Amino acid sequence: MKKYIVGDVEVIRISEIVFHDFSASFLFPDWDANVLDDKLAWMTPGCVNKARSMVTVNIHTWLLKTPKHIILIDTGIGNGRTRTVPMFNQLNTPYLERLAQAGVGVDQVDYVMCTHLHSDHVGWNTCRRDGKWVPTFPNARYVFPQRELEQCQSRAREPAQAGGIYEDAILPVLESQQVDLVGPEGGESIDGLTFYPTPGHTAGHMSIGLAAQGEQALFTGDVVHNPIQIYRPRWNSAFCEDAAQARSSREWMLAYAVAKKALLFTAHFPESSAGYIAATEKGFDWRFA
Ligand SMILES: [Zn+2]
């Protein structure tokens, strides 16, 4: 497991699953394979299979060890979930074993922060014990954007959504009174972490900045899904709810990353999933870290 150092904070990716065959034209409705002819060295074979028009999508959690706390950002899909998306349905991955390999037991997690409440970001909030969904991390505060919770709750009232993520991944942590909410304006949290509203992918989506001893990082959430969007920032994913907002949040992220020289920890990029952005004459470049 690769360990990143941001000031006095350690950041480690806890992988859940990697999907190698995600249709590029499905994920990006604006997909045009010809952009790869621009010899983007960072669009490695691990990012995209040009011949088959497939991209790789990683699913994982970022583990942060600050001098004071153990923090998880986003919690993947989870095991044993009944999901309408076939690739998310009934997974059985050794995610918690991987967390243990990084030196963290479920009792030790102090905070779980979710950038948004989609099914691939909240799954390990809970796990199944004695036939019941219960919080995976019994001593953690779970921090959610308030608008995300409101949207998730209103969707859960639709009959077609019964048995979905609200019931198995959100409601159990609400019932155990472990949830703290971040208002729509975002703001400072703990240990140098700050929530920034980056709506568009979802209405209440937030990215999370980290400032530690003069160094900067950003946990992007789903503002971007693949490095090709650094080169083509107007390409939204098929899952972005508001196209115009998603584009302006991506522009904000690019400007933030360049201005702060921030190390970006993405939610779905392949390879290491982390890297830096540089401004160029043509736009922006990506460099894996
Ligand atoms: Zn996602």
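Of everything in the stretch 248-277 that is among the hydroxyl-bearing types (S, T, Y) and in a helix (DSSP H, G or I), the residue that is surrounded by the most Cβ atoms within 10 Å (Cβ to Cβ) is S249. Here T61 fits the description: open to solvent by less than 20 Å² (accessible area, probe 1.4 Å), among the polar types (S, T, N, Q) and in contact with a Ser or Thr (Cβ under 7 Å, 6 or more places away or on another chain). Inspect the stretch 193-201 for any residue being in a strand (DSSP E or B) and within 15 Å of the ligand (Cβ to nearest atom) and give the result as yes or no. Checking the stretch 193-201: not a single residue is in a strand (DSSP E or B) and within 15 Å of the ligand (Cβ to nearest atom). Quick one: how many residues across the stretch 66-83 are within 13 Å of A267 (Cβ to Cβ) and small (G, A, S)? Qualifying residue count, the stretch 66-83: 1. Taking the stretch 64-95 as the range and being more than 16 Å from the ligand (Cβ to nearest atom), of a type in the set (V, I, T) and buried (at least 19 other Cβ atoms within 10 Å of the Cβ) as the test, the residues that pass are T66, I70, I71.
Of all residues in the stretch 215-237, those that are assigned to a loop (DSSP other than H, G, I, E, B) and within 16 Å of the ligand (Cβ to nearest atom) total 9.
Being more than 25 Å from L64 (Cβ to Cβ) and either within 18 Å of the chain's Cα centre (by Cα) or surrounded by 22 or more Cβ atoms within 10 Å (Cβ to Cβ) (or both) is the requirement here; does F239 meet it? Yes, satisfied. The residues on offer are V104, V143, and the sole one that is away from the ligand (no atom under 16 Å from the Cβ), over 16 Å from Q177 (Cβ atoms) and not in a helix (DSSP H, G or I) is V104.
Residues checked against (1) in contact with a helix residue (DSSP H, G or I) (Cβ under 8 Å, 6 or more places away or on another chain); (2) of a type in the set (A, V, I, L, M, F, W, C); (3) at negative phi:
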site: P94; (1), (2), (3): no, no, yes
site: L99; (1), (2), (3): yes, yes, yes
site: T115; (1), (2), (3): no, no, yes
site: S119; (1), (2), (3): yes, no, yes
site: W124; (1), (2), (3): yes, yes, yes
site: Q146; (1), (2), (3): no, no, yes
site: E150; (1), (2), (3): no, no, yes
site: R155; (1), (2), (3): yes, no, yes
site: I165; (1), (2), (3): yes, yes, yes
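Within the stretch 200-219, one or more residues are open to solvent by 20 Å² or more (accessible area, probe 1.4 Å), under 25 Å from A262 (Cβ atoms) and within 17 Å of the chain's Cα centre (by Cα).
The values are calculated or read from the model by the stated rules, or taken from the named source; none is laboratory data. In this text, all values refer to a predicted model and were calculated from it rather than measured experimentally. All Cβ positions, even for glycine, are placed from backbone atoms using ideal geometry, and neighbour counts span all protein chains on display. The protein model used for the area step is the full one, side chains on, heavy atoms only, and it has no ligands, DNA or RNA in it. Shrake-Rupley method; radii C 1.70, N 1.55, O 1.52, S 1.80 Å.
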